[in-house]
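Worksheet: the structure to be examined is printed underneath.
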Amino acid sequence: MDCKHWTIGIAGALLFAGSADAHHSGAMFDQMVTKTLVGTVREFQWTNPHCFIQLVVKDERGRDVEWSLEMTAPIHLMRLGWRRTSLKPGERITVTIHPLRNGEKGGNVVQALRANGKPIGAAA
Amino acid sequence: MSRRPGLFALVAALAAAQPTHAAAATSCVPKDLAALAGWNGVWAVEGADAVDQGLSGRNGGVEYKLIGLSAPWNDEGWARMGAMLKRAAAPNVKQGGWGFPMMMDSFSEFTFVVSPAQTAIINQYREVRTIYTDGRGHPPQEDAWPTNWGDSTGCWDGDTLVIDTVDVRFDPMFNIAAPPLSDQTHFVERLRLVAPGRIENEMTVTDPKYLTAPWVVRLTYIPAGIDRLVLDASQDRNDTVIQTITAPPKDDFVVEPLEKGVALSVAQLDGVVGRYVIAGTPIEFEFVRKEDRLYFQPPGFAALIPMIAQSPLVFVPIAGGEIRFIADASGRVTGFEATQPDGTVVKGPRKTS
């Protein structure tokens, strides 16, 4: 647990985390839960208002399941060293997310690493 | 309902020695446009910068000063704040943009376009504030109505841009994450490049309906570190595998009167005042008393959240949830247990009284 998570509830989500973004609140993501996915990029959507990684991940039964992983807007990713070409279809990556509360295969990207373990973006 | 600054606003503004209208044309245009070259570039709000929010855009820790948690609300205003906070915490609340005043204290980068007759402030979401500096006043009342950005006039006072804004509406459908002020609110901003790469904005907000006094907010803008604004059309995502963005419902901004709660004595309130720590974490926060009300102060923030007393040891924050203070056999408070609006429970000891 960290400061922001606790204050979300007490202060009412918005000013500390939920609405850092002006497109929609982040309340659908469970920011108390962190999940790591290893998968193959099907598509990297360099789109407003949010970029998305469409990641194909094997489920516990070995079936391919596609996850839709929301990121911040292109301008903000650019400032973090990302470009529209930062991910290619077929690339294997490891992504840490806050998953959707409703159990659907989606989440909010917290960290993204290449297969060699290096972060994608400025530090890559 | 008047859409002009009311007497309260005008008097308050005059008392603050800030002009309410662009009165004289010759005094409003910049005297030396070339000297304002330092305003060029792309700017971010210090403390609310997107790069601090990581890949998710939601790392947290941002205290949007203009949200209003430090504003001098009356009880009706606090009731509206409570409704806004609850509404903003709901999932999938789509926001159309920031609007004014939030676009001056937002996650979104922006630029100034300065010309003699007008200055435009354009942000990442293609929101535009036009500030007329040719000496004109606001439109006459019959031609004015509240909008998400209001109507702005300005004057260059040396190297300071003084902006006067009226006719701003709080529009939950457009952006719920905004101070729920009335459309009688009057804003006066004083922006100045105080050093290379640093613009300060002192905004004085007066609202005769929901504020008890002028509300002064100080903001600082810093270079965003990019060479141009990448505009956000907010429209071009076509994937629908998991759609995280949905339109907000139209009728769910419900303001209920601020609950009066149980009247407690100053001694009873002071009995729970103090610094607390969340068990198992280094996180500390405070409960403070101001006059006859208890407030929660989140860790690291200036904001104060009103707490409504249910009993001497049980309080409800305006945004929902519940705080129960734990007392020992002597009646001294030794800790707390908080139930958040989502049902999560956290607890911990009192560190200092």
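Things to note:
- Enumeration of residues in segment A:104-121 that are open to solvent by 50 Å² or more (accessible area, probe 1.4 Å), within 11 Å of another protein chain (Cβ to nearest Cβ) and farther than 22 Å from B:V51 by Cα: A:E104, A:K105
- Filtered residues of segment B:142-174 (kept if free of Cβ contacts under 8 Å to residues at least 60 places away in the same chain and closer than 12 Å to B:R129 by Cα): B:T147, B:N148, B:W149, B:G150, B:D151, B:S152, B:I163
- Among the residues of segment A:80-90, those identified as in contact (Cβ under 8 Å) with a residue 40 or more places away in the chain and more than 9 Å from chain B (Cβ to nearest Cβ) are A:G81, A:R84, A:S86, A:L87, A:K88, A:P89, A:G90.
- Qualifying residue in segment B:280-293 (condition: open to solvent by less than 10 Å² (accessible area, probe 1.4 Å), facing chain A (nearest Cβ under 8 Å), at pLDDT below 90 and not in a strand (DSSP E or B)): no
- Any hit, segment B:131-138, residues being within 13 Å of another protein chain (Cβ to nearest Cβ), touching a residue at least 12 places away in the same chain (Cβ under 8 Å), of a type outside the set (A, V, I, L, M) and surrounded by fewer than 23 Cβ atoms within 10 Å (Cβ to Cβ): no
- Candidate set: segment B:59-88, residues that are open to solvent by 40 Å² or more (accessible area, probe 1.4 Å) and in contact with an Asp or Glu (Cβ under 9 Å, 6 or more places away or on another chain); chosen: the one modelled with the lowest pLDDT: B:G61
- Answer from A:I97, A:I75, A:I53, A:I93 - the residue that is touching a residue at least 12 places away in the same chain (Cβ under 8 Å) and at the interface with chain B (Cβ under 9 Å from one of its Cβ atoms): A:I97
Per-residue answers, yes or no, for (1) open to solvent by 40 Å² or more (accessible area, probe 1.4 Å); (2) assigned to a loop (DSSP other than H, G, I, E, B); (3) more than 19 Å from A:N102 (Cα to Cα):
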{"residue": "A:N48", "(1), (2), (3)": "no, yes, yes"}
{"residue": "A:L55", "(1), (2), (3)": "no, no, no"}
{"residue": "A:L69", "(1), (2), (3)": "no, no, no"}
{"residue": "A:T72", "(1), (2), (3)": "no, yes, yes"}
{"residue": "A:H76", "(1), (2), (3)": "no, no, yes"}
{"residue": "A:R84", "(1), (2), (3)": "yes, yes, yes"}
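- Candidates B:G137, B:G99: the one that is in contact with a His (Cβ under 9 Å, 6 or more places away or on another chain), of a type in the set (G, A, S) and in a loop (DSSP other than H, G, I, E, B) is B:G137.
- A count restricted to segment B:148-176 and to residues that are surrounded by fewer than 19 Cβ atoms within 10 Å (Cβ to Cβ), within 17 Å of the chain's Cα centre (by Cα) and at pLDDT 95 or above stands at 0.
- Just one of (1) in contact (Cβ under 8 Å) with a residue 12 or more places away in the chain; (2) of a type in the set (A, V, I, L, M, F, W, C); (3) surrounded by fewer than 24 Cβ atoms within 10 Å (Cβ to Cβ); (4) more than 14 Å from chain A (Cβ to nearest Cβ) fails for B:A120. It is (1).
- Any hit, segment B:198-211, residues being within 20 Å of B:P30 (Cα to Cα), surrounded by 17 or more Cβ atoms within 10 Å (Cβ to Cβ) and more than 17 Å from the chain's Cα centre (by Cα): yes
- At least 3 residues being open to solvent by 50 Å² or more (accessible area, probe 1.4 Å) and out of contact with any Pro (no Cβ under 9 Å at 6 or more places or on another chain) is the threshold, and among the strands (runs of 3 or more DSSP E) wholly inside segment B:308-352 those reaching it are B:345-352.
The values are calculated or read from the model by the stated rules, or taken from the named source; none is laboratory data. What you see is a predicted model, and the numbers here were worked out from it, not measured in a lab. All Cβ positions, even for glycine, are placed from backbone atoms using ideal geometry, and neighbour counts span all protein chains on display. The protein model used for the area step is the full one, side chains on, heavy atoms only, and it has no ligands, DNA or RNA in it. Shrake-Rupley method; radii C 1.70, N 1.55, O 1.52, S 1.80 Å.
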